Each structure stands twice: as structure tokens, then as C-alpha cells.
1. When you check residue B:53 against the structure, is it part of a loop (DSSP other than H, G, I, E, B) and buried (at least 24 other Cβ atoms within 10 Å of the Cβ), yes or no?
2. Within the range A:165-179, take every residue that is under 24 Å from residue A:121 (Cα atoms) and out of contact with any helix residue (DSSP H, G or I) (no Cβ under 6 Å at 6 or more places or on another chain) and give me the one that is modelled with the lowest pLDDT.
3. Restricting the search to the range B:275-304, which residues are over 22 Å from residue B:178 (Cα atoms) and not in a loop (DSSP other than H, G, I, E, B)?
4. Regarding residue A:171, is this residue in contact (Cβ under 8 Å) with a residue 12 or more places away in the chain and more than 30 Å from residue A:65 (Cβ to Cβ)?
5. Within the range A:86-95, can one find any residue that is assigned to a strand (DSSP E or B), surrounded by 21 or more Cβ atoms within 10 Å (Cβ to Cβ) and at negative phi?
6. From the list A:259, A:201, A:225, which one is within 29 Å of residue B:257 (Cα to Cα) and either at the interface with chain B (Cβ under 7 Å from one of its Cβ atoms) or modelled with pLDDT of 95 or more (or both)?
7. Tally time: how many residues in the range A:120-175 are part of a helix (DSSP H, G or I) and more than 13 Å from the chain's Cα centre (by Cα)?
8. Looking for whichever is within 7 Å of another protein chain (Cβ to nearest Cβ), in contact with a strand residue (DSSP E or B) (Cβ under 7 Å, 6 or more places away or on another chain) and under 18 Å from residue A:168 (Cβ atoms) here; the options are A:142, A:125. Which one fits?
């Protein structure tokens, strides 16, 4: 079986600055990491492979430097890494990103399960997994916290809802987005790190994946960012001081109206 | 790729009306639906167009009136057993077909687990843009485009996004941010029963069973008040202190990653980058230092109370009211004070 994990390289911090002219994030000098939730997707793919046989491919769309995220995935144990990179992809929204990933997945072709982290820590959209499923016309199970059963033709997974969860069966191939509860990602071994350093990374351009240029990057993106601003500063906090009894009394008084309204 | 593009580029003026995708569970409308109707009404008035709700379910026709009373001029009703509960494929197919047939200019959907899975599939199918988790919406007075505002990078950046060249403009909307539409029993609306062909109702995935949540308090995205515990609570037994306060306030119980990783409470309660994003009226952070990953999930709460022993903890930078002290000493006293106020 072939498990493909789609990962994203993201800034390792939320403390990012905005380029005031292009409205893009200034990521120079900021350390890059694999999107934290994608680590769970990588781990789950590795576990599935170890149980069922087959191989794991890590796939990312990004700048050439995103190669370091793929090397990290290789160090964890994925068999193959593909970097889809082209200046034509710059400025992609979730629609164009999903299209690009879907075209790369079409080229891969023999996938059994495509895994994503629930969402990326920079964009926070949770849209790319289900959008790729829609482009490829595949069934999807989002917010997966456990794969209960899997064989060559189907899987059964637990999908978390706002309240409770549901158990869903899907034929393969299918798309899964996973949440943190699903596993505990491994740390790369020393041996894995050494191998990852030497591993060859497959590199595909827009033409390698036969992408329609009109659907790529900023021009292919239906949504446009027209303004980026820092969040409005919060009101200056008020410190409440005194002995514990006094603090509780003062605080309860401050919150009286809010709790009466919220409780009604 | 099998999705035939909808012919919507260059014909923007053909798209009219604001739609709200109603969310229901077990035949009951979720409160996000009323929030979307409240916001949808403002946008529809601004554009001088109709507000419609789309309701999918089984034996759910009796809920159409509730949507009309909350401001819907029209309810598109798809009422068949196959749509009893949310399933990605049939829901996306039915809604995509309705969008193709009726051409709304704006479609709003809750940024819930269901809504985010659904809206993404729909947006690709009808070949338009989608903006996630909006916290403010407005109409641009010049272009008449929908201005979709949302936090990104864990709330450190606020982006305003438009979908200038395609319709409909689809947005998911964060829970608890928009004001619910008020009930107006005199508001009139029409119900359109949607004709459904069998191919729209097929699903390759199958729900084998559904396990309801432990209790309403677990759904922290919906709570008006959240009481949250972190490392400062020190051990599992002490978490009762948080639960007791939550009980008096009829609040949800939330937690930082540190508390969840220590197994004091389950992951469903975790707020922050790898947990849930919440936006309650009141967030009481007890023994939470406020790492950036936690702040990302709660900093947009209306009022924030922080109780922490470390006077330099970053949580105080976002707190409306800050208390430097031991949460285990303060919280039980606070519970007692609230009991008096609320007469519970």
C-alpha cells in the first residue's frame, strides 16, 4: 500500500512580520518547521506502513527551502520525498494549493491513503485536505482521531465532532485529516537523520505535474488578501490585588454583569 | 479531475442573494445557524437582496419556520432520510447543485468541524473561493465585494480577503463571534422543497455508529463562559476546582496543552494551536502561563480573567483582569462569590 502524507513548512513562531508593500509574511530569519499537526499525519502513515507493508511518501508544495521539512520527514522514516516547487506557485490560496497538490497526487497515481494534518499553524484554514479530496473526487474523513481497521480496500476511522464522535467506513483510496489525539509522533533516530541527509529528494515543477498555468499561484487563486494588519491591541489589563478573599470578592463584582447575562 | 467548472467567471451580476447553510444535529438547529442568519441579514440588507437558509436533514421540515422567524426570506429544504445526519459527499453534492441552480452571491457556513469539511468540498465543486473562520464580514461600498476578515498566524495577523472574480463568495464563520438573529414571529418566508435525484444522495463513506459526547460541557466551542486550567493546577484531583467553578457558571471546562498532556483532562478540552480555537464571552484562565500556542486559541475572547502565580506570565498581556496568586486558593473563593450572586 502507498501512504502519501501532504505536509507544509511553516514559520516556527507566530511572531511574524508583514511586508507592508506586498502584504506577504516576512519569513526571512525565522526558523521553519513542519506544521505541528502534520507530524501526526506522518507518524500515522509510518505506523500504517509498518503494520501493513508498502511505503510512505511525503509530499510538499513550497519554496526550495521546504526541502528541509522533507528531510525531517525522511529522518522520521518516510521512504520517499517529493518537493513540488515553482515560482508559478507563489501566492497560492487554498484553492490553488489544493489544485497543485492534486495534480502532483495524480502523477503519483497509486496512492491508497492520503493523509493531512487537520490544519496548518500559519493559515489555520483546515481547507486543503478536503479541497484536495474534492479535486480528486475521493471520499474524505476529516478530524480523525483513530483508525480502527484498515485493509487493502477499506478503512474504518473515528471522526471527532463538536460533541462526541462518529465511526466512519470508507473505501480506498481516500483522504484523511488527522488531529493530535491520534498518536504520539516519534523522534527521528540518529540513523534516520544520517540517511535523510543523503537521500535524494524528487523535485517536480509546474510542467512536471501537467498543471494548467491559469490555475496556479496568485493569478489562479480565487481569493485575494487585500489587507494585513496586526490585531487591535487589547485594553490595558487591570490588576486585582489583595488577600485571596478580597480578590475573589472584587473579581466577582467586576464580572457580575457578564455572568448574569451569560447565565440567562 | 471530474469537477466541471460552473460558468461563473465574468457573470458576477447574475449571482444574487445571501445564503446561510443551516447546521443541525439530531434534528435540532445549532446556535451557529442563528449567528449566521444574524450576520447574513446585515449583508443582505446592505446588498438589497434576499436572505435564504439551506436546510438538509430528515423529518426536519418543522424547523423551516424557525429559520423564517430568524429572518430567512426563503428556506431551501432537502428533507430525506439519506440526509438525516451530516455526510461529506451527499451534503456537498446537494448544496453544490443548489448553488448551480440558484446562483447566490454569498454563502455563509459555520466554521465548525462539519462546516469546514463541507464548505471546502463545495467551493472546489462550484469552482469558487473560500475564506476560513471569519470573525468579521462587511460589504465593500465601492466594489460590492464581501470583505472577509479573519485572524491568521495564531491571531497575530488579521487578514481581509476578497473573492473578486468568482461567485458565490463562500466563507466559514467562527462560532460565538456574530450576534444571533432575534426571533420575529411576524417575519414571512417561503419554503422551497428541493427536488433530489438519487445520484445526489449516494455516499462512498458510511457512518457505522455515532457516539454522543460525554456532556454539553465538552463542546467548548459553543460555551459562553469557559473556565480553563493549566499547569498551575498541579494535579488531576485539583481539576475539580475548575469543574466546580464551571458548574456554578454553567460554563465549559477548557485546558491548556500542559494539562491535557499530563492526562488531567481529555484532549476534547484543549484550547490552542493543536487544540480548539474558542471565542467565549468570558474566559477564566487558572494557572495558565499563556504560551503563544495557547493564546492563539483564546485571545479573541471578549473578557479574559487570568489567575497565575508568576507576575510576568504572558497571559497577563491579554487579560482584562489579572490576578497574581495561586489559582487553587483564589478559584474556590471565586466559586463561592458567584454562588451568592447567582443564587445557586
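The values are calculated or read from the model by the stated rules, or taken from the named source; none is laboratory data. Note that the coordinates shown come from a computational prediction; the quantities given were computed from them, not determined experimentally. Neighbour counts are summed over all protein chains in view; Cβ atoms, including those assigned to glycine, are modelled from backbone coordinates with ideal geometry.
1. no
2. A:165
3. B:285, B:286, B:292, B:293, B:294
4. Here the answer is yes, as residue A:171 does meet what is asked.
5. No.
6. A:259
7. So the count comes out to 3.
8. Just a single option satisfies the conditions, and that option is A:142.
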